[in-house]
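Asker: The structure is given below, and queries will be raised subsequently.
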Amino acid sequence: MAAARTAFRADRANIASSIEGVLRGALAAALLFTAPVLHAQTRSADDELKALIPDSAVADPEAWAKAHPKDVQPVMPGPDPASPLAEIPGFTLPWPDENFTVPQLAPLDPDPDIAAALAAAPPEDSVRLPDGDVETLAHGVSLVFPADPATLPERVEIASRFRTLSTLEKLGDSDDTIAQIGVRARTDKALLVKLLRVYGYYDAEVVQTVGGIEPGQDSAARAVAVRFDIVPGARYSFAAIDLARLPDTGPDYPALRKQFGIETGDPLYTDAIVDGAAKLDVALGETGYAFAKLGEPDLLVDRKREAGDLTVPVTPGGKYRFGSVVSQDEKFLSGHHLGEIARFDAGDGYKRSEVDDLRRAILATGLVSSVTVTPRETIPPAPGAPGTVALDVALTRAPLRTIAGAIGYDSGDGFRLEASWEHRNLFPPEGLLRVRGIAGTKEQLAGATFRRNNFHGRDQVLTIDAYADNTNNDAFKARTVSLSAMFEKLSTLIFQKPFTYSIGASFLLTDERSATVAGAIPARVTYEIVALPA
């Protein structure tokens with residue numbers, strides 16, 4: 001610190017000396033460069049300027065400065081480099097001794113565990129991974145599985161999933177730099193470790209190597225090979241399985257427990273947890289547990305036991321039967337009508353699939369744009385007796401009216417104008433009325449159609465049609481009145497059926513006359529036709 005202090009003083013003296021030299025040079029330069037200007041100013045300067053700068057100072061500045069020392073500003077001397085530094089206010093830390101030295105730290109004792117591990121480790125050039133089955137994927141990517149298939153029996157599934165998710169698999173022939181390939185290789189290594197854990201290999205190791213890189217090689221001509229050697233280790237298994245309150249289902253517990261599928265001792269396969277929880281949820285809904293809930297499964301892995309404890313929060317709730325169907329828009333689609341198109345009757349055991357089926361059937365009417373069906377408890381379960389739920393149906397009306405028309409001209413038939421209007425729920429529930437008409441040169445028609453969909457049952461349709469028509473063709477003239485009714489059991493795209501049927505009746509009255517031949521006008525003939533189509 002003393003040496004540093006002396007050096008600082010010397011630097012300060014050098015700075016002061018440099019400043020003094022600069023000032024002297026600046027003064028001399030100013031006098032030299034301004035001399036001719038000042039000389040030129042003496043011819044036109046005023047008296048004050050002449051008094052301030054006499055002609056003798058302009059002619060010879062150095063001689064004038066020596067002759068008038070009192071008028072020249074003296075140069076301040078610089079500080080003495082050997083003078084002590086001024087005290088800094090508030091700084092109380094004493095200056096260190098000039099003979100101060102940093103003490104030498106004693107070396108630490110070696111860790112005996114690390115030393116033993118290093119002594120037992122084989123030489124670096126002798127470490128070699130065991131040979132295995134190599135599966136080569138695209139772009140030089142290879143997966144090396146253990147030679148014994150029993151060590152990792154899921155190798156085909158793992159390779160398939162890796163191929164789908166791998167970032168290296170998505171490379172082009174000359175995509176990315178070597179550095180980017182290295183990043184992708186590390187990402188794929190983490191992916192393989194995660195996939196192995198999905199199948200229960202929590203102690204698995206993946207060794208990643210990247211080869212085929214030569215110094216100075218052009219990136220377009222490289223042939224990079226990425227290899228992943230897989231050492232799966234022991235496969236963990238399921239230990240304790242806790243399904244929370246599922247035993248509260250009583251007689252239904254054995255069947256529900258079987259649907260979950262996972263047993264103690266089974267290989268720890270996390271996809272089986274997701275699949276088992278989904279099957280259990282469906283089974284609860286189909287067995288009558290309308291308000292059953294499943295929480296997120298929790299898996300606790302114990303590496304000492306090489307096993308995992310599984311907990312699935314199951315709250316089955318009570319068991320229920322179907323009650324009534326309640327519509328929130330009774331004048332549009334009544335609850336009674338919705339109950340007729342449902343596949344269940346009041347008193348049947350609750351099934352979630354039949355609730356979903358009712359929702360699809362309501363959408364299939366074409367009268368609503370959205371619908372939700374929510375079970376609501378009306379009678380709680382009692383010991384040995386299920387409760388009752390009503391189904392609340394909330395729906396949003398869809399557009400119900402359609403207007404259509406066509407106009408044209410034909411050289412044989414002349415002008416023709418067709419129009420129709422329909423309302424698909426003019427007579428609730430699902431009562432359609434369509435009115436149509438034709439105004440043309442050779443035909444005039446007026447008709448109406450009434451159609452009731454889901455008539456007292458799913459996909460049952462009642463249709464009544466009536467029209468009056470006047471035709472004036474070159475071949476004949478006819479005035480016709482028709483009335484028909486038809487009852488049908490249909491098969492739709494959503495609810496397909498192996499058999500369909502229809503039965504109906506129709507009455508047609510027509511008064512016709514053939515065309516005039518050789519000036520003879522034939523008489524009119526009236527036909528009455530009755531049909532029972534089935």
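Asker: So what's the Cα pair-distance distribution over segment 372-414, bin width 10 Å, in %?
Answerer: 19, 19, 15, 12, 10, 11, 8, 5, 0
Asker: First select every other residue whose beta carbon is under 12 angstrom from the beta carbon of Ala290; then total the charges, Lys and Arg +1, Asp and Glu -1. Kindly include the intermediate steps, with their values, before the conclusion.
Answerer: Working: positive: Lys293, Lys319, Arg321, Lys351, Arg352, Arg376; negative: Glu286, Glu354, Glu377.
Local net charge: +3.
Asker: What is the sum of charges, Lys and Arg at +1 and Asp and Glu at -1, for the other residues whose Cβ falls under 12 Å from the Cβ of Leu432?
Answerer: Numbers: positive: Arg401, Arg424, Arg434, Arg451, Arg452; negative: Glu422, Glu430, Asp465.
Taking every Cβ under 12 Å from that of Leu432, the sum is +2.
Asker: Longer than 20 Å from Cα to Cα, which of Lys293/Lys319; Lys258/Lys279; Lys194/Lys293; Lys279/Lys497; Lys442/Lys477; Lys331/Lys351 are they? Say none if no pair is.
Answerer: Details: Lys293/Lys319 13 Å; Lys258/Lys279 10 Å; Lys194/Lys293 29 Å; Lys279/Lys497 28 Å; Lys442/Lys477 9 Å; Lys331/Lys351 28 Å.
With Cα atoms farther than 20 Å apart: Lys194/Lys293; Lys279/Lys497; Lys331/Lys351.
Asker: Counting Lys and Arg as +1 and Asp and Glu as -1, each charge on the Cβ, what is the dipole of segment 283-351 about the Cα centre in debye, to the nearest 20?
Answerer: Working: 9 positive and 11 negative charges, 33 e Å.
Its charge dipole is roughly 160 debye.
Asker: Treating each Cα of segment 452-534 as an identical point scatterer and ignoring solvent, apply the Debye formula and state log10 I(q)/I(0) at q = 0.12, 0.16 Å⁻¹.
Answerer: -0.54, -0.73
Asker: With all distinct Cα pairs included, what does the Kirkwood hydrodynamic radius of segment 377-534 come out to in Å, to one decimal, could you say?
Answerer: Values: mean 1/r = 0.0501 Å⁻¹.
Final number for the Kirkwood radius of segment 377-534 is 20.0 Å.
FYI, it's all coordinate maths here, none of it is from the lab. This is a predicted model, so every value here is computed, not measured. FYI the Cβ positions are ideal-geometry reconstructions off the backbone, even for glycines, and counts take in every protein chain you see.
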